[in-house]
Structure formats: structure tokens, C-alpha cells
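Presented below is the structure to which this report refers.
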Amino acid sequence: MNIDTGKFDGCYFSGDVLPIEFTSRLDKDVIDLFHEGKEALLGDIKFEFPEIFEYLDKDMSDLFLVRSDLGSKPLFYWALQSEDFNIFSSVPRVYRKLKQKISEREYYSSLPEYLKPFYHTFNGFEMTAESHIHSHQGGFLLSFSNWYGIDLIGEYLGASSDAVILKNKFSGGDVRVIGRALDDEVLLFDMKGADKKIYCAPWEKLSLLEEVTDPQSYISKMFFNSVNRLTRV
């Protein structure tokens, strides 16, 4: 499909000379994968989530790089486009310290194996009808910098009672909201949990969380629920 480049501040495609402010922060292997094309970058997803891979391969554009000039410095995102929505993924910078004073490498190492394909050459998969990423507005798997913890739940949701319940349940843990479908479901993960379990809960009632017993099926369902919400009927 043709990519609507006019929606973005800048676009780069496989074979293009990439801007130095982008390439200087990346491992050369990631840049080489980009020039190999979409399937090379999505390869790990193909094995863990074949249904998601098939949709990305057949129904979305080739993978391209987007430049956003909204801030004081340009930001770069991997992007896939359909007629109805975009998927953005902020480009990982392994040693960058985030707001929580944790490096992206620490986030990555805490993940269960089945989530790592979305956080290796990518940093989350945020699905939105917008042409720019706005924090906490995307669906599906959030970037590391948008993994907000229990202490911020009250600020975003006014749900201080939920925060207390979660702190008691995960005493000594570090629970984060890591994803959401474009309805009322969120995905939670304890970064310090040795069992690496994930949980789901209603968006406005996180204290009702339940363990996800078949995470790969659940994540696939979460992805396609978001697709359905974003696709025009």
C-alpha cells in the first residue's frame, strides 16, 4: 500500500541514507535489519505470534522510519501504516535512562521471553489513529517510557485506593501498566517478579486484576481487539 508521507515531519525507507542524529544512537545490526525490510525486523514476532505477524505482513505497509519534530530535538519511531491507523514503536536506546532512572536494558531483561520480540529492535507497539504518538493514548503494548507504576496510578486515574491494594498485593514488587486494548482493559506486569506473570484488569478498576494464564493467546486477542476498534466499518 502507498504510505501517506504528508502526515509526518519526515519519513525514511529501506535503502535511504538515514540521518546521523538517528544512526549515531543505534547498533549497526539494527540499521542493517531495517535495510533488509519488514520481515527481517518482524522475524521474532513471526515465531511467537504468527497471527499478528501475518496481519502486519499482509495488511500493513512496509516498515519505515518517522521523524517527529514536536520536541526540542527530533525523535524517531519505527512505523507501519494501514488505511485506518498507524503502529509506532520508539526506537530503543539501550543505555538511555528513563524518568524512573532505569535503563531500557533493565526493562528488557525483566520481560518474559514471549514479550521480548516487541521490545528488541522495537520498543513497544503503540496503535493509534493519530499521526503522532501522544503518551498514554496509544493501544496495545506501551513503550518503556510509558510504563507507569503504582505511584502514578492515582495521578492518571484518581484511583488511590487501587494503588494501595496493588502495593499490598505486590509488596516489594514493581508493578507497571505495560499495555492496553483500546477499550477498558489494561495489562500489568511486576518487573521484580521471579515468575514473570502478567495480569489483566479493567482500566478504571485495577484492583480487580486477574492472572493471564495463556499470555500469548491473550496478547493476540488484545492486538486484534485494538485493530477492530481502529478499523472503520
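The values are calculated or read from the model by the stated rules, or taken from the named source; none is laboratory data. Note that the structure is a prediction, hence the values are computed from the model and not measured. Cβ: placed from backbone, ideal geometry, glycine included. Neighbour counts: every protein chain shown.
Out of curiosity, is residue 198 farther than 13 Å from residue 170 by Cα, hydrophobic (A, V, I, L, M, F, W, C) and under 17 Å from the mean Cα position of the chain (by Cα)? So residue 198 does not fit the description; no.
Can you tell me which residues in the range 62-86 are of a type outside the set (S, T, N, Q), buried (at least 16 other Cβ atoms within 10 Å of the Cβ) and assigned to a loop (DSSP other than H, G, I, E, B)?
If the condition is that a residue be of a type outside the set (S, T, N, Q), buried (at least 16 other Cβ atoms within 10 Å of the Cβ) and assigned to a loop (DSSP other than H, G, I, E, B), then 63, 85 are the ones that fit.
Scoring residue 162 on the criteria (1) part of a loop (DSSP other than H, G, I, E, B); (2) at pLDDT below 90 leaves a single failure, condition (1). Checked against the criterion of being modelled with pLDDT under 85 and touching a strand residue (DSSP E or B) at 6+ places or on another chain (Cβ under 9 Å), the range 61-69 has at least one qualifying residue. Per the conditions (1) modelled with pLDDT of 85 or more; (2) within 26 Å of residue 55 (Cα to Cα), the sole criterion not satisfied by residue 181 is (1). Picking from residues in the range 188-227 that are out of contact with any strand residue (DSSP E or B) (no Cβ under 8 Å at 6 or more places or on another chain) and without any contact (Cβ under 8 Å) to a residue 12 or more places away in the chain, the one that is surrounded by the most Cβ atoms within 10 Å (Cβ to Cβ) is 221.
Filtering the range 114-159 down to residues that are more than 15 Å from residue 178 (Cβ to Cβ) and either crowded, with 18+ Cβ neighbours inside 10 Å or of a type in the set (Asp, Glu) (or both), which residue is modelled with the highest pLDDT?
Ranking the qualifying residues of the range 114-159, first place goes to 128.
Scanning the range 177-187 for residues that are part of a loop (DSSP other than H, G, I, E, B) and either surrounded by fewer than 20 Cβ atoms within 10 Å (Cβ to Cβ) or among the charged types (D, E, K, R) (or both) yields a count of 2.
Scanning the range 24-42 for residues that are in a helix (DSSP H, G or I) and touching a residue at least 24 places away in the same chain (Cβ under 8 Å) yields 30, 33, 34, 38, 41.
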